[in-house]
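The values are calculated or read from the model by the stated rules, or taken from the named source; none is laboratory data. Because the structure is a prediction, the values reported are computed rather than measured. Neighbour counts are summed over all protein chains in view; Cβ atoms, including those assigned to glycine, are modelled from backbone coordinates with ideal geometry.
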């Protein structure tokens with residue numbers, strides 16, 4: 001049984017939402033943080049409900065609604081989300097009020113909406129959808145875990161038209177804390193020069209990307225999601241290469257069959273070393289693309305990469321803004337997405353033209 005991506009929607013630090021071109025004019029940022037460009041949410045959510053929604057909930061609900069509209073589906077067969085940080089804004093608000101109000105007369109809204117599954121729950125409430133609803137909080141492979149759950153539901157004939165998404169937000173508080181932990185660059189850096197900086201740290205990001213998965217063929221399908229694999233703490237570079245080759249072999253492919261590899265380079269010299277070694281060995285003769293200079297680094301950024309890959313296959317072109325190396329001029333038919341988060345959580349996603 002095949003799994004197809006029927007439609008996608010993405011809110012990111014670029015003009016990816018509601019744009020005619022899936023990667024148009026790239027927005028430049030200076031500093032250690034890329035903020036999402038937010039649409040007019042009133043087109044997707046009732047204004048009264050919007051007042052009670054935090055930043056990440058608005059992004060998630062709007063992206064989910066737009067994805068369903070593009071897929072001509074009113075009610076999905078299941079809603080599955082992946083997030084590592086959850087609703088940070090509501091969490092910070094609630095904890096701040098505990099201190100400021102000495103634990104007395106606390107409004108409950110921020111606490112109720114601070115849980116990680118709030119985005120999926122709000123989507124279900126807006127749609128009045130009573131189907132399967134699950135949220136995965138697996139750090140750097142939260143989105144991949146949601147995808148795997150959706151694929152299993154499809155293969156077990158438990159549901160169809162499954163809505164899957166990855167969402168994470170960046171707040172002032174979380175940015176300050178993660179900066180102190182050394183995750184982000186100390187000196188201001190343009191996202192245009194992210195990979196040339198050759199320094200420690202990366203740039204923070206945020207976003208929400210949703211996908212409608214189905215096992216039904218349709219001329220509207222963007223691409224086929226062939227397979228997905230997660231790897232936890234690989235022992236060495238040789239181990240990574242071995243598992244990539246095994247992943248391709250299990251799907252009757254060789255590395256030469258791949259037209260494009262989208263990697264998760266983020267400008268951190270300590271983390272990019274893995275990609276650099278692979279690009280000189282296993283991926284030596286393959287077209288390469290990067291994406292984190294567009295959306296920043298966050299645990300579910302691989303959802304942005306999958307959104308990018310699906311649209312590249314559908315449109316038949318690789319945007320110049322993401323190209324790292326072009327060794328052969330072909331219309332991409334098979335794309336491999338390889339990403340790792342903090343060198344701990346690795347994932348492989350394989351896409352194909354229909």
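A single member of 294, 282 is at pLDDT 95 or above and either touching a strand residue (DSSP E or B) at 6+ places or on another chain (Cβ under 7 Å) or within 21 Å of residue 36 (Cβ to Cβ) (or both), and it is 294. Could you check the range 172-212 and list, in sequence order, the residues that are closer than 17 Å to residue 139 by Cα and touching a helix residue (DSSP H, G or I) at 6+ places or on another chain (Cβ under 7 Å)? 174, 204, 205, 207, 208, 209, listed by residue number. In the set 187, 152, only one residue is surrounded by fewer than 22 Cβ atoms within 10 Å (Cβ to Cβ) and at pLDDT 95 or above; that residue is 152. Taken residue by residue, the range 85-106 has no member that is within 30 Å of residue 218 (Cα to Cα) and not in a helix (DSSP H, G or I). For first residues located in the range 163-176 and within 14 Å of residue 301 (Cα to Cα), partners that are surrounded by fewer than 20 Cβ atoms within 10 Å (Cβ to Cβ) and lie 6+ apart or on another chain with Cβ distances below 6 Å form the pairs 169/55. Name the single residue that is surrounded by the fewest Cβ atoms within 10 Å (Cβ to Cβ) among those in the range 247-263 being under 14 Å from residue 285 (Cβ atoms) and out of contact with any helix residue (DSSP H, G or I) (no Cβ under 8 Å at 6 or more places or on another chain). Out of the qualifying residues, it is 256. Scanning the range 75-116 for residues that are in contact (Cβ under 8 Å) with a residue 24 or more places away in the chain and surrounded by fewer than 17 Cβ atoms within 10 Å (Cβ to Cβ) returns 75, 109, 115.
Condition check ((1) farther than 27 Å from residue 190 by Cα; (2) assigned to a loop (DSSP other than H, G, I, E, B); (3) in contact with a strand residue (DSSP E or B) (Cβ under 6 Å, 6 or more places away or on another chain)) across all residues:
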residue: 45; (1), (2), (3): yes, yes, no
residue: 48; (1), (2), (3): yes, no, no
residue: 52; (1), (2), (3): yes, yes, no
residue: 57; (1), (2), (3): yes, no, no
residue: 65; (1), (2), (3): yes, no, no
residue: 68; (1), (2), (3): yes, no, no
residue: 72; (1), (2), (3): yes, yes, no
residue: 76; (1), (2), (3): yes, yes, yes
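Note on the range 174-184: among residues that are closer than 16 Å to residue 271 by Cβ and more than 22 Å from the chain's Cα centre (by Cα), the one that is surrounded by the most Cβ atoms within 10 Å (Cβ to Cβ) is 182. Scan the range 13-29 for residues that are surrounded by 12 or more Cβ atoms within 10 Å (Cβ to Cβ) and within 24 Å of residue 188 (Cα to Cα) and the total you get is 6. The residues of the range 31-43 that are modelled with pLDDT under 90 and part of a loop (DSSP other than H, G, I, E, B) amount to a single one, 31.
Being over 22 Å from residue 143 (Cα atoms) and either modelled with pLDDT under 95 or touching a helix residue (DSSP H, G or I) at 6+ places or on another chain (Cβ under 9 Å) (or both) is a description that applies to residue 321. Filtered by the rule that a residue be modelled with pLDDT under 95 and touching a strand residue (DSSP E or B) at 6+ places or on another chain (Cβ under 8 Å), the range 17-30 gives 17, 30.
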